[in-house]
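The values are calculated or read from the model by the stated rules, or taken from the named source; none is laboratory data. The shown structure was predicted, so the numbers you read here are calculated from the model rather than taken from an experiment. Reconstructed Cβ throughout: ideal geometry from the backbone, glycine too, with neighbour counts over all protein chains shown. Remember, those area values only see protein heavy atoms, side chains included, never the ligands or the DNA or RNA. Shrake-Rupley method; radii C 1.70, N 1.55, O 1.52, S 1.80 Å.
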2 protein chains.
Amino acid sequence: MSEKKKQIVEAAAKSFSLFGYKATTMDQVAKMANVGKGTIYTFFKSKEELLEDIVSSIISEIKYEANEAVDARLPFNENVQRVLQRIFTFRKENELTIKLLQEVRDIGTPAVRNVMKRLDREMIAFIREKIEEAMAKGEIRSCNAELTAFLMFKMYIALHVDWEKEHEPLSPQKIAELFDLYLLKGLSLR
Amino acid sequence: MSEKKKQIVEAAAKSFSLFGYKATTMDQVAKMANVGKGTIYTFFKSKEELLEDIVSSIISEIKYEANEAVDARLPFNENVQRVLQRIFTFRKENELTIKLLQEVRDIGTPAVRNVMKRLDREMIAFIREKIEEAMAKGEIRSCNAELTAFLMFKMYIALHVDWEKEHEPLSPQKIAELFDLYLLKGLSLR
DNA sequence: ATTTTGACTAAATGAACATTTTGGTCATTT
DNA sequence: AAATGACCAAAATGTTCATTTAGTCAAAAT
């Protein structure tokens, strides 16, 4: 990747996470990146594509970190929890992710909405892969992997995000315990 | 309840479910109810209170229907499914509920947002009661009833509403089966 | 020749102002 | 004592116009 492109992506990522997508102007990105505005358009065909590119990097980063959390020697239920834990910790701690989720909630910028929807879809696809691997290895009983991944993701959103809207937050331990009790019982072989 | 009040509530309910809360004017409600506008304000102190009153009736109606679906001779897992099934069928078929949920999604009218939030809370409280009864009877193992009711509700939303946004809808049978497999396994005594 | 640039344009945004609509009141009527 | 609708302040909506901004491209820099 060219030096200029790197500067642009870095500047845009910083500006998006500081001010949000809508409040970031291409002039500003150009200034921050020490680049003419036209240069940005030699690498990205639009502001939206620039955002998409940055979010793609984030998705890769999350997948990488989630994979790092996997320990092949541990059983499926431990690993799936580690993966989900990692995904949601990222969601809660990464500045850019926080800002973009905020923007969807408060303003509903369509471009940001779409890109965050894709992030969710990709996380579900990632979990689905883990489920399919576990099924192939006979670690869990056979099930609809897409549906199961979807439910796991939704349940984590419920416990991590929705519950806190009206109650005291749940500790990671409590979440793990609940997840194990409710969702993983149904997948266990016996 | 006085005849005039009945006319007002009926007219408002009809107008809300036809045009939504925001697009309904008090003049219109008065016209439809064959009543002077001032009369409305002898029964309700604001437009919002009128909506709240109507939604309270809906909540009572749902609770009544959900209770009707309960058969004391059946086991807890059957009954809780019947209750949830009834709640979500109502959500999907009642014109007013449909319109109000639409309005929250598309416009986000605060008054409607609040009232629908209350509806959700009351549904969760209702399920919670059923769980506490089952716990008292020793039908299910001990658990945090509020948290369990919350998760059941969220899971039904996920299966009934969210899943359909990107996939083919699930049949009621499939939903029941999934619910039983994942959520109720964790509550069974053995 | 190739890359980079910023002045330029068409479209979007939003500030400021005018106009209309609407929730709620209350003096009057029934 | 109950019901009403003309009335009002405030909120919503429409309009205008100056500013801002995403994206382009001819010219400059390398």
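Quick look at the values:
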{"item": "Two-decimal Rg/Rh across the protein assembly as shown, once Rg and the Kirkwood Rh are taken from alpha-carbon atoms", "result": "1.04"}
{"item": "Carbon and sulfur %, accessible surface of the protein assembly as shown computed with the full protein complex present, 1.4 Å", "result": "50 percent"}
{"item": "Which of B:Gly36, B:Asn144, B:Pro172, positive extreme of dipole for the protein assembly as shown (C-beta unit charges)", "result": "B:Gly36"}
{"item": "Shielding by other protein chains, B:159-169, mean Cβ within 10 Å", "result": "2"}
{"item": "Of all chain A residues, the one whose C-beta is nearest the axis that brings A onto B, in angstrom", "result": "A:Lys185, 2"}
{"item": "Dipole in debye (nearest 20) - the range A:1-45, about Cα centre, beta carbon charges: Lys, Arg +1; Asp, Glu -1", "result": "80 debye"}
{"item": "Teacher prompt: A:Ser142 distances to equivalent labels in other copies, 7 Å Cα→Cβ, nm", "result": "4.0"}
{"item": "Inter-copy label distances at B:Leu74 (7 Å, Cα→Cβ; nm, one decimal)", "result": "4.0"}
{"item": "Residue-normalised accessible area of the range B:26-75, expressed per residue, 1.4 Å probe, Å²", "result": "57 Å²"}
{"item": "Cα long-axis angle, helix B:110-136 against chain B (0 to 90 degrees, to the nearest 10)", "result": "30 degrees"}
{"item": "Sites B:Arg113 and A:Ala136 - FRET efficiency at Förster radius 51 Å, r taken between beta-carbons, to 0.05", "result": "0.70"}
{"item": "Accessible area per residue, Å², the range A:97-158 with all protein chains present, probe 1.4 Å", "result": "44 Å²"}
{"item": "Cα-based helix-to-principal-axis angle, B:95-106 vs chain B, degrees rounded to 10", "result": "90 degrees"}
{"item": "For A:Lys37, label point 7 Å along C-beta direction: distances to other copies, nm", "result": "4.9"}
{"item": "The range B:1-43 - Rg and Dmax from Cα coordinates, angstrom", "result": "9.4, 27"}
{"item": "Surface/4 estimate of mean projected area, convex hull on alpha-carbon atoms of the range A:52-187, nm²", "result": "8.5 nm²"}
{"item": "Burial ranking of peptide ranges B:82-91, B:116-125 (average Cβ count within 10 Å, highest at the top)", "result": "B:82-91, B:116-125"}
{"item": "Integer Hz, Karplus 6.51/-1.76/1.60 couplings in order for the range A:12-19, x for Gly and Pro", "result": "5, 4, 5, 5, 4, 6, 8, 10"}
{"item": "Buried area at the B-A interface (accessible, heavy atoms, 1.4 Å probe, summed, Å²)", "result": "2300 Å²"}
{"item": "Assigned charges on the beta-carbon of Lys, Arg, Asp, Glu; chain A dipole about Cα centre (debye)", "result": "340 debye"}
{"item": "The protein assembly as shown - charge dipole about Cα centre, Lys and Arg +1 at Cβ, Asp and Glu -1, debye rounded to 20", "result": "480 debye"}
